[in-house]
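Chemist: Dropping a structure here in structure tokens format, bear with me for questions.
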Amino acid sequence: MFDKILIANRGEIACRIIRTCRRLGIGTVAVYSDADATALHAEMADEAVHVGPPESAESYLRIDRIVQACRDTGAQAVHPGYGFLSENTEFARALQDAGITFIGPPADAIAAMGDKITSKRLADEAGVNTVPGVMGLIDDPEEAVRIGRDIGYPVMIKATAGGGGKGMRIARDDQGMREGFRAARSEAKSSFADDRVFIEKFVERPRHIEIQVLADGHGNVIHLGERECSIQRRHQKVIEEAPSPALDPDLRARMGEQAKALAHAVGYRTAGTVEFIADKDGNFYFLEMNTRLQVEHPVTELVTGLDLVEEMIRIAADEPLRLQQNDVTFNGWALEARVYAEDPLRGFLPSIGRLAYYREPAQSDQVRVDSGVVEGSEISMYYDPMIAKLCTHAPDRNTAIDIMQAALDAYYVRGVNHNMAFLGDVMSKDRFRTGDLTTDFIEVEYPDGFHGTTPGPGVRERLIVVAAVLQRLASQREARIGGQIAGHEKGVGDDWVAFVDDEQVPVTVTPTGEGAWSVTCCGETSRIASDWRPGDLLFQGQIEERAISVQVDKAGANWRLTHGGSTRDIRIMRPRAAELAARMPKKEPPDLSNYLLSPMPGLLTHVLVEPGTEVKAGEELAIVEAMKMENILRAERDGTVAKLHAEAGDNLSVDQAILEFE
């Protein structure tokens with residue numbers, strides 16, 4: 001076994017690997033860039049080595065610096081995590097040449113599975129079901145049209161070196177083929193410096209199912225069941241689960257055997273994932289093999305009880321697998337939701353900044369949080385905006401979903417925007433609850449994007465009830481600070497009025513004991529219990545014995561409460577004050593229709609107009625970059641630029657004015 005392992009990664013996966021190494025008594029070395037000098041993974045490791053500036057190409061992707069860090073610290077092995085250098089054959093060979101163990105597959109297996117044409121040919125030879133298509137390279141759009149006609153539209157055009165949804169286009173007719181062929185090649189060249197593409201049949205409304213395999217250096221291969229990864233946005237996974245609602249034991253066994261056959265065929269070693277697409281009739285086809293640890297590996301760990309990182313380390317140390325296929329058992333159901341720093345209400349634009357407040361839900365046998373941040377951490381523009389992976393485990397799927405939604409309620413993040421309301425909304429959909437999942441789920445359920453959560457039954461009423469209790473407690477505290485006697489506080493009583501959604505709702509709050517109240521609202525009386533105190537960020541307690549978590553913020557005189565993915569501003573007042581407040585004129589918000597505002601925090605790289613420029617609707621005005629994504633801002637209507645409020649090179653905050661129209 002190794003004495004010291006270097007983790008060639010950052011963030012939550014680096015922290016997750018460090019935890020396993022600690023449990024095994026193995027020393028750890030972290031690497032970090034300038035942007036990650038105070039990052040959690042660098043603090044957790046036994047040693048940390050600086051490898052360069054914030055840009056990945058000059059730090060985490062620098063093979064020479066990673067190898068040198070191993071030499072300087074005496075690390076005997078490297079775990080690459082996922083992303084960065086995890087599937088880089090040059091890196092694997094450089095470590096081998098330096099006498100350092102790569103905790104991953106052989107370089108030849110990485111190369112074979114990294115090329116989509118080669119991997120599909122090998123899968124076909126190994127007896128693995130493959131999607132009908134042409135595996136040879138195609139250079140001419142008219143040849144592509146002929147192939148599309150032969151296979152039968154719709155077809156998928158794919159970059160052979162692709163990944164992450166780049167270099168992919170769906171063609172449904174000849175014209176779509178010509179346009180998609182050119183676009184896929186261009187995108188593949190800019191993304192991977194490789195414009196080779198191939199064509200295969202596009203399976204309508206598929207499910208994305210992947211099989212986890214483990215292979216050692218002694219010829220043993222097992223599979224650990226499947227993960228359902230159909231909930232995707234722009235080909236990026238959002239929610240994963242194990243097992244899949246679509247598989248029965250027979251289909252699981254058949255897919256598992258094909259995944260094992262492919263691993264044998266390429267001489268695979270370590271953990272890996274064979275991905276399939278499956279149709280509604282139970283047919284399944286090989287998609288690709290990921291020769292690394294997957295982001296979603298925790299759900300497999302939760303249902304099998306295994307630590308995949310430990311298994312990878314043992315395999316790299318030339319130990320044989322400790323399990324045979326018959327030893328693998330599955331327990332319950334697990335879900336993973338990817339928590340990202342992004343704004344779903346603005347087209348999922350990334351959100352950067354400091355985590356001003358960060359409180360994770362309590363971890364237990366049912367809740368697991370894999371994160372690489374703490375309160376005060378910076379979500380940088382240089383890397384993936386993932387905050388954490390929130391996982392739940394329960395005896396059955398519906399219970400796992402319920403626990404997940406409760407955990408989302410208790411996950412308090414401020415300082416950046418995040419996608420937790422969207423995650424909760426996805427899981428509240430009837431199609432999700434019934435397991436009717438396809439890779440176009442989000443596209444179909446949110447055809448016009450995400451515009452906020454529609455509160456479920458009783459959510460609005462629960463928020464009013466909680467707000468009334470909060471106001472009574474806060475009022476009592478203020479009165480006692482002012483020297484008033486407990487039980488005789490001026491301005492504190494049982495009767496209140498809630499202002500919410502332009503309505504006035506009478507509420508009665510009667511104390512029934514320490515930390516307990518009877519609250520009447522909307523014709524219903526509820527028993528409330530909680531130990532909440534003014535200043536707490538979470539109200540956690542029970543409403544009629546039902547556990548509830550509500551995130552608490554103040555917005556002026558309002559309580560801003562978040563629960564069930566829904567946020568409401570609620571003002572609680574005494575009846576006479578409410579009567580007078582209702583007569584006050586409303587302040588109208590400022591008119592910003594003549595301004596171009598930045599939709600996200602980021603770097604203003606280009607301003608394409610100047611004062612006096614006449615523009616037409618749809619014309620490019622400026623470009624804002626964040627997390628290496630260029631966002632082109634266009635004119636929404638015809639007009640003339642009157643004034644610039646920012647210039648190229650400025651770091652913008654969200655909704656900061658860039659320019660003004662006449």
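Any read-out appearing in this document is the output of simple, stated calculations on the displayed coordinates, not a laboratory observation. Keep in mind the model is a prediction, meaning the values are calculated, not measured. Positions of Cβ are backbone-derived with ideal geometry, glycine not excepted, and every protein chain shown enters the neighbour counts.
Chemist: Taking the Cβ of each residue in V303, V197 as the centre, tally the other Cβ atoms inside 10 Å and list the residues starting with the fewest. Walk me through the numbers before you get to the answer.
Modeler: On the way: V303 21, V197 26.
Least to most surrounded, the residues fall as V303, V197.
Chemist: For the chain, find the longest principal axis of its Cα atoms and tell me its angle to the long axis of helix 459-481, 0 to 90°, nearest 10.
Modeler: In the chain, helix 459-481 runs at an angle near 60 degrees to the longest axis.
Chemist: Apply the Karplus parameterisation 6.51 cos²θ - 1.76 cosθ + 1.60, with θ equal to phi minus 60°, to every residue of the range 349-359 and state each ³J(HN,Hα) to the nearest whole Hz, in sequence, with x for glycine and proline.
Modeler: 5, x, 10, 10, x, 9, 6, 5, 9, 8, 10
Chemist: Which one of S33, P53, I17 is farthest out on the positive end of the charge dipole of the range 11-94, using unit charges on Cβ (Lys, Arg +1; Asp, Glu -1) and the Cα centre as origin?
Modeler: I17
Chemist: Ok, one more. Can you order the peptides 136-143, 651-658 by their average number of other Cβ atoms within 10 Å per residue, highest first? Could you put the intermediate results ahead of the total?
Modeler: Values: 136-143: 12.8, 651-658: 16.2.
Answer by packing, highest mean first, reads 651-658, 136-143.
Chemist: Okay, moving on. Tell me whether the range 1-58 comes out rounded, prolate or oblate; compute the Cα gyration tensor, take square roots of the eigenvalues as a ≥ b ≥ c, and use a/c under 1.5 as the rounded threshold.
Modeler: Numbers: a/c = 2.35, a/b = 1.99, b/c = 1.18.
Cα axes put the range 1-58 in the prolate bin.
Chemist: For the chain, take the longest principal axis of its alpha carbons; what is the angle in degrees between that and the long axis of helix 174-192, to the nearest 10 within 0 to 90?
Modeler: Its long axis makes an angle of about 90 degrees.
Chemist: At q = 0.14, 0.17, 0.26 Å⁻¹, what log₁₀ I(q)/I(0) does the range 380-434 have when each alpha carbon counts as one equal point scatterer in the Debye sum?
Modeler: Evaluating at q = 0.14, 0.17, 0.26 Å⁻¹ gives log10 I(q)/I(0) of -0.44, -0.62, -1.13.
Chemist: Right, next: Listed highest first by mean packing, meaning other Cβ atoms within 10 Å per residue, what order do 630-640, 383-393, 469-479 come in? Write down the numbers at each step before the final one.
Modeler: Values: 630-640: 14.1, 383-393: 23.4, 469-479: 19.4.
Top to bottom by mean Cβ count within 10 Å: 383-393, 469-479, 630-640.
Chemist: Sticking with this structure for a sec: Give me a comma-separated list of calculated 3J(HN,Hα) values for the range 121-128, in order, Karplus coefficients 6.51, -1.76, 1.60 applied at θ = phi - 60°, integers in Hz, x for any Gly or Pro.
Modeler: Once θ is set to phi - 60°, the couplings for the range 121-128 become 5, 5, 4, 4, 5, 7, x, 8 Hz.
Chemist: What is the Cα centroid distance between the range 198-238 and the range 314-364, reported in whole angstrom?
Modeler: Using only Cα atoms to place each centre, the spacing works out to 16 Å.
Chemist: Explain nothing, just compute: Karplus ³J(HN,Hα) = 6.51 cos²θ - 1.76 cosθ + 1.60, θ = phi - 60°, for every residue of the range 494-508 in order, whole Hz, x for Gly and Pro.
Modeler: 7, 9, 9, 10, 9, 9, 8, 6, 6, 10, 10, 10, x, 9, 10
Chemist: Quick one: W532, W333, fewest Cβ neighbours within 10 Å first, how do they rank?
Modeler: On the way: W532 19, W333 22.
Ordered from fewest to most neighbouring Cβ atoms within 10 Å, W532, W333 come out as W532, W333.
Chemist: List the trypsin sites (Lys or Arg not before Pro) within the range 138-240 that fall in a DSSP loop (any state other than H, G, I, E or B) and whose Cβ has at most 15 other Cβ atoms within 10 Å.
Modeler: R172, R234
Chemist: Using only the alpha carbons, work out the radius of gyration and Dmax of the range 595-661 in angstrom.
Modeler: 10.9, 32
Chemist: Return the Cα extents of the range 262-314 along principal axes one, two and three, sorted largest first, each rounded to a whole Å.
Modeler: That works out to 37, 27, 16 Å along the principal axes.
Chemist: Next question, about the same structure. Need one number: nm distance between label points at L345 and L537, each 7 Å from Cα along Cα→Cβ, rounded to one decimal.
Modeler: 2.0 nm
Chemist: Take peptides 23-30, 52-59 and line them up by average Cβ neighbours within 10 Å, highest first, as a rough protection proxy.
Modeler: Working: 23-30: 18.2, 52-59: 15.9.
Packing proxy ranking, top to bottom: 23-30, 52-59.
Chemist: Tell me the Rg and the Dmax, in Å, that the Cα atoms of the range 401-550 produce.
Modeler: Computed over the Cα atoms of the range 401-550, radius of gyration and Dmax are 18.6, 62 Å.
Chemist: Counting other Cβ atoms within 10 Å of each Cβ, which trypsin sites (Lys or Arg not before Pro) in the range 547-633 have at most 16 and sit in a DSSP loop?
Modeler: Working: sites: K554, R560, R568, R571, R576, R583, K586, K587, K616, K628; in loops: R583, K586, K587, K616, K628.
Here the sparse-neighbourhood loop sites are R583, K586, K587, K616, K628.
Chemist: Mind listing the Cα extents of the range 134-201 along all three principal axes, in Å, largest one first?
Modeler: 29, 19, 17 Å, listed from the longest principal axis down.
Chemist: Then there's this: Please report, in debye to the nearest 20, how large the charge dipole of the range 16-156 is about its Cα centre when each Lys and Arg carries +1 at its beta carbon and each Asp and Glu carries -1 there. Walk me through the numbers before you get to the answer.
Modeler: Numbers: 13 positive and 21 negative charges, 127 e Å.
That gives a dipole near 600 debye.
Chemist: How large are Rg and Dmax for the chain when calculated on the C-alpha trace, in angstrom?
Modeler: That works out to 27.7, 88 Å for Rg and Dmax.
Chemist: Still on this structure: Which value, in debye to the nearest 20, describes the size of the charge dipole of the chain about its Cα centre when Lys and Arg Cβ atoms bear +1, Asp and Glu Cβ atoms bear -1, and nothing else is charged?
Modeler: Details: 73 positive and 103 negative charges, 215 e Å.
So the dipole magnitude of the chain works out to roughly 1040 debye.
Chemist: Suppose only helical runs count, i.e. DSSP H with n ≥ 4. What mean residue ellipticity at 222 nm does that imply for the chain under -39500 (n - 2.57) per run, divided by all residues and rounded to the nearest 500 deg cm²/dmol?
Modeler: Details: 17 runs with 182 residues, N = 662.
Here the helix-only value at 222 nm equals -8500 deg cm²/dmol.
Chemist: Taking the dipole about the Cα centre of the range 271-353, with the C-beta of Lys and Arg at +1 and of Asp and Glu at -1, give me whichever of N283, N326, F348 is farthest to the positive side.
Modeler: Highest projection toward the positive end goes to F348.
Chemist: Right, something else. By count of other Cβ within 10 Å, fewest leading, how are R397, R16, R322 ordered? Present the calculation step by step, with values, prior to reporting the outcome.
Modeler: Values: R397 18, R16 23, R322 13.
Going from sparsest to densest Cβ surroundings: R322, R397, R16.
Chemist: Kirkwood Rh, Cα Rg: Rg to Rh for the range 45-162? The partial results should precede the final answer.
Modeler: Values: Rg = 19.5 Å, Rh = 17.2 Å.
A ratio of 1.14.
Chemist: At 4 °C and 1.567 mPa s, grab the translational diffusion coefficient of the range 4-103 from Stokes-Einstein with a Kirkwood Rh over Cα pairs, rounded to a whole number in µm² per second. Could the numbers behind the result be given before it?
Modeler: Values: Rh = 13.0 Å.
D, rounded to a whole number, is 100 µm²/s.
Chemist: While we're here: Quick one: which residues, 5+ away or cross-chain, put their amide H under 5 Å from the amide H of H418? H built at 1.01 Å from N.
Modeler: The answer is E342.
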